[in-house]
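The values are calculated or read from the model by the stated rules, or taken from the named source; none is laboratory data. This is a predicted model, so every value here is computed, not measured. Please note: Cβ atoms are built from the backbone with ideal geometry, for glycine as well, and neighbour counts cover all protein chains shown. SASA here: full protein model, heavy atoms, side chains in, ligands and nucleic acids out. Shrake-Rupley method; radii C 1.70, N 1.55, O 1.52, S 1.80 Å.
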Amino acid sequence: MKLTIEDLRGLEILDSRGRPTVAVWARLSNGATAWAQVPSGASTGRHEALELRDGDASRYVGKGVQKAAGHVGGELRRALAGREAEDQEGLDRAMMELDGTANKSRLGANAILGVSCAVARAVALSRGIPLWEHLSAAGGKPQVPVPMVNILSGGLHAGGNLEFQDFLAIPHGFGAYAEALAAVVAVHGAAHRVLGARGFPLTGVADEGGWGPPLESNEQALEILTEAIGEAGYDPGGQISIAIDVASTHFYQDGAYHLRTERRALTSAEMTELLAGWCGKYPIVSIEDGLHEDDWDGWQNLTKRLGSRVQLVGDDFFTTRPERVRRGIAEKAANAVLVKMNQIGTLTETFEVIRLAREAGWKAVISARSGETEDWFLADLAVASGAGQIKIGSITRGERLAKYNRLLEIEAESGLQYPGGAVILR
Ligand code: PGA
Ligand code: ZN
């Protein structure tokens, strides 16, 4: 019997920063029900799909999502009720058509993504298989991803203490995800000790659960992270390397990259040289958004300069949009894409981006947002896609652990392979 959508409801819930976000509940014709919760970013790119917010200043300073949640139980339910639940692409395309805008601004990407994910989960439940297995029909060869874990935070996630947003550890020298996670937890603890010994006060954590110390410079963060890897007993570069998310769009203004902590404003070429210099000095294997979201020429030069040995990831640059990734591939600007479901707003387009990356020989990193929920959907997406890398934030706070722990379960239950060092460019 054909499995169809019977009911959809939207609900305004809170994310990990105490801001409203959308949850969606779906019921299918066989009685199966499932929830999905939608994440939300802070350092958003200009080309992202629109997260619909109420703008009513009397509730949640205008950030309520009652309109978006209302669209789920209203227009979206009316359009999708009775449609085949297993036809994910058909459902996603129908929602895009119904919305009728290029950036999903009428119904809201938050409403549309919630439906996309809740229906997928209800179908997996109906089929009696894990979500990752169900999603893998649209992905590559499933594997448990290597985590790229936030240790030190800056930028918009840590009150502007530093310009660069994320200093992360990639544990690539391990045979299993569980071992890699244990190693990275040791680095997180060692970073605390190293920071304490240098006299940095640590009274709380940043948006993604990492340390947000008031360091003197971005380079000092690289130095401390390298030291913490060694202090935890691992070989920096051999077992655990460094990834950075420069998130440079957020300190680019009037044609220059403003690095207060380096006491200067840099051109695109100077930024590239600065990053290249640090890649020679520290075990950096991945740089995200090293240049800003519309610096296409700069990205080409950066890729010429570093692309053969360093993973260059576009986040704000591509915003998980198939047409931007296609252009990036054609112009050899970057060699990897950060994949955030809510930047584009449907599972179908998310998988399209992952497929484009794979076919071009690019890497893909499946990523959470700074505003997250206890939903672990992302862990299953990462496994299903076969992308090999996931970025969830730090190893503290429940909204992050929901995903890290889900990956431990999947690894224990599935016997799937863990790519380890294969994720690193040499
Ligand atoms: P965001 O940050 O969710 O605040 O956009 C994550 C990132 O930039 O990778
Ligand atoms: Zn980013």
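Quick notes on this structure:
- Residue in segment 343-362 that is under 13 Å from the mean Cα position of the chain (by Cα) and farther than 16 Å from residue 139 by Cβ present: yes
- Meets criteria (surrounded by fewer than 24 Cβ atoms within 10 Å (Cβ to Cβ) and either within 16 Å of ligand 2 (Cβ to nearest atom) or on the phi < 0 side of the Ramachandran plot (or both)) for residue 372: no
- Residue in segment 196-210 that is over 21 Å from the mean Cα position of the chain (by Cα), open to solvent by 20 Å² or more (accessible area, probe 1.4 Å) and touching a residue at least 24 places away in the same chain (Cβ under 8 Å) present: yes
- Any hit, segment 178-199, residues being over 20 Å from residue 283 (Cα atoms), within 16 Å of ligand 2 (Cβ to nearest atom) and not acidic (Asp, Glu): no
- For segment 134-162, filtering for residues that are touching a Lys or Arg at 6+ places or on another chain (Cβ under 7 Å) and not hydrophobic (A, V, I, L, M, F, W, C) leaves 2.
- Residue match in segment 242-251 (condition: within 16 Å of ligand 2 (Cβ to nearest atom), modelled with pLDDT under 95 and either assigned to a loop (DSSP other than H, G, I, E, B) or not assigned by TED's automatic domain parsing to the domain that holds residue 146 (or both)): no
- Hey, residue 267 assigned by TED's automatic domain parsing to the domain that holds residue 215, more than 16 Å from ligand 1 (Cβ to nearest atom) and surrounded by fewer than 20 Cβ atoms within 10 Å (Cβ to Cβ) or not: yes
- Single match in 367, 414 (criterion: open to solvent by less than 10 Å² (accessible area, probe 1.4 Å), in contact (Cβ under 8 Å) with a residue 12 or more places away in the chain and out of contact with any Pro (no Cβ under 6 Å at 6 or more places or on another chain)): 367
- Among the conditions (1) away from ligand 1 (no atom under 16 Å from the Cβ); (2) touching a Gly at 6+ places or on another chain (Cβ under 7 Å); (3) within 30 Å of residue 345 (Cβ to Cβ), the only one that residue 312 does not satisfy is (1).
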